[in-house]
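The values are calculated or read from the model by the stated rules, or taken from the named source; none is laboratory data. Everything quoted here is computed from the prediction, not taken from an experiment. Neighbour counts are summed over all protein chains in view; Cβ atoms, including those assigned to glycine, are modelled from backbone coordinates with ideal geometry.
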Amino acid sequence: MWMVTGGAGYIGSHIVRALLDDGQQVVVVDDLSTGLMSRVPTPAHLEVFSILDTKQLVTVMRQLKVTGVVHLAAKKAAGESVDEPVYYHYENTGGMISLLRAMEAAEVKRLVYSSSAAVYGEPVDDNPLTESSPTEPTNPYGSSKLIGEMMVRDAAPAIGLNWAALRYFNVAGCGADDLADTSAANLIPMVLRAHAAGKAPQIFGTDYPTPDGTCIRDYIHVVDLAEAHVAACRLVSGDLAAAGPAAEALAAAGDGSGRIEAVLNIGTGRGSSVREVIDSVGRAMGEPLVAEESPRRIGDPSIVQADPALAAEVLGWRSRKVLDDMTGSAVSGMGWLKENGYL
Ligand SMILES: NC(=O)c1ccc[n+]([C@@H]2O[C@H](COP(=O)([O-])OP(=O)(O)OC[C@H]3O[C@@H](n4cnc5c(N)ncnc54)[C@H](O)[C@@H]3O)[C@@H](O)[C@H]2O)c1
């Protein structure tokens, strides 16, 4: 039985479906602070409480014989984290402490953790980013994700934990209309929001050193991301049959105990510029979108792109979907977002 914390959220609900499709049993732990009960499909069991409640985590882990955790539950708005740093550390850093204590007590020894490209901060000349690129988060959200990785690395030998931290790049699209991203902070939701309000999408900065002058980011389809989690769950379970060629070596490396530890970038390795994203949304809508151009924002690096080679070598996983798949599914989800008051 896999416990998916944050399984009622945007990404978690896709992962729950992918795990169920893989034949796994799933219990979701979610406080529904941003998640939706309607996103948890019937075969999965839902427990509504905060992961800060260690005792309750232990009880559920023991009762349902949980063998591994996919840990997504967190607050994720980088901007908000600058205004509320203590709250972000309370929820995200505190959440990881509580989870590790519970896993230790209940002897659960497999963990897949939602980390983020935010751990890299604002890379200047380091592109594409590899897992050994410098980690210099520029906001409390990014710090909380990096501290989470550090805590897992520190705790793993004593607990006997097999673990993988997946550093997601820009997650986009949806696998079904009612699983659309309800948050407002990412580029594609911002373009949809502007369109719904009868406004032009905005481009901040057209003089970056990129082919069309706008910033480049690495967008990953949430369905591909969910598949990466299924592969990571197999990896930390020691099921290396479908894993990549480097998985055996990974298990043999480390402290000699055979435990698996992996930090992996999850992106496509192909960047898309802001203008390309807006054009792709326009194609999906069947009407070209004319953007409004504004000056650069402070702190936006020109290019943030993943080197996903290690994930391919270790997980045997590669992204399959392209930008038009992400924007197409996001545009398809607009009707659901409107009907439910998110647009
Ligand atoms: N969306 C992205 O582009 C992105 C990129 C990198 C990393 N991530 C990480 O992926 C994870 C999921 O993000 P998402 O986009 O699905 O966000 P989301 O807000 O849709 O999902 C988070 C889920 O966690 C739940 N939750 C939050 N705090 C909780 C707590 N204390 N106890 C129990 N449940 C709690 C929420 O109710 C929600 O269902 C997060 O850890 C986030 O940091 C997201």
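Listed by position, the strands (runs of 3 or more DSSP E) inside the range 172-278 whose residues that are in contact with a Leu (Cβ under 7 Å, 6 or more places away or on another chain) number at least 2 are 261-266.
Answer yes or no as to whether residue 103 is modelled with pLDDT of 95 or more, more than 13 Å from the ligand (Cβ to nearest atom), part of a helix (DSSP H, G or I) and hydrophobic (A, V, I, L, M, F, W, C). Walk me through how you get there before you give the answer.
Numbers: modelled with pLDDT of 95 or more: yes; more than 13 Å from the ligand (Cβ to nearest atom): yes; part of a helix (DSSP H, G or I): yes; hydrophobic (A, V, I, L, M, F, W, C): yes.
Here the answer is yes, as residue 103 does meet what is asked.
Looking only at the range 29-53, residues that are of a type outside the set (D, E, K, R), crowded, with 18+ Cβ neighbours inside 10 Å and more than 21 Å from residue 181 (Cα to Cα) come to 2 in all. Could you list, ordered by first residue, the pairs with Cβ atoms under 9 Å in which the first is in the range 46-59 and in a helix (DSSP H, G or I) and the second is polar (S, T, N, Q), at least 6 apart or interchain? These pairs meet every condition: 54/98; 56/50; 57/5; 57/98. Within the set 73, 172, 78, the sole residue that is farther than 23 Å from residue 29 by Cβ, in contact (Cβ under 8 Å) with a residue 60 or more places away in the chain, within 12 Å of the ligand (Cβ to nearest atom) and touching a strand residue (DSSP E or B) at 6+ places or on another chain (Cβ under 7 Å) turns out to be 172.
Residue-level check: of (1) part of a helix (DSSP H, G or I); (2) small (Gly, Ala, Ser); (3) more than 7 Å from the ligand (Cβ to nearest atom), residue 23 misses just (1).
Is at least one residue of the range 126-140 surrounded by 23 or more Cβ atoms within 10 Å (Cβ to Cβ) and closer than 21 Å to residue 4 by Cβ?
At the first step, the residues of the range 126-140 found to be surrounded by 23 or more Cβ atoms within 10 Å (Cβ to Cβ) are 129, 140.
Narrowing the set further to residues that are closer than 21 Å to residue 4 by Cβ leaves none.
So far as the range 126-140 goes, no, none of its residues is surrounded by 23 or more Cβ atoms within 10 Å (Cβ to Cβ) and closer than 21 Å to residue 4 by Cβ.
Scanning the range 258-300 for residues that are surrounded by 11 or more Cβ atoms within 10 Å (Cβ to Cβ) and over 29 Å from residue 334 (Cβ atoms) yields 258, 259, 260, 261, 262, 263, 264, 265. Taken over the range 1-40, the criterion of being within 23 Å of residue 170 (Cβ to Cβ) and among the β-branched types (Val, Ile, Thr) is satisfied by 4, 5, 11, 15, 16, 34. Within the range 104-125, residues that are assigned by TED's automatic domain parsing to the domain that holds residue 234 reach partners that are aromatic (Phe, Trp, Tyr) and within 11 Å of the ligand (Cβ to nearest atom) with beta carbons closer than 8 Å, at six or more positions or on different chains, in the pairs 114/168; 115/168; 116/141; 116/168; 117/168; 117/169; 118/141.
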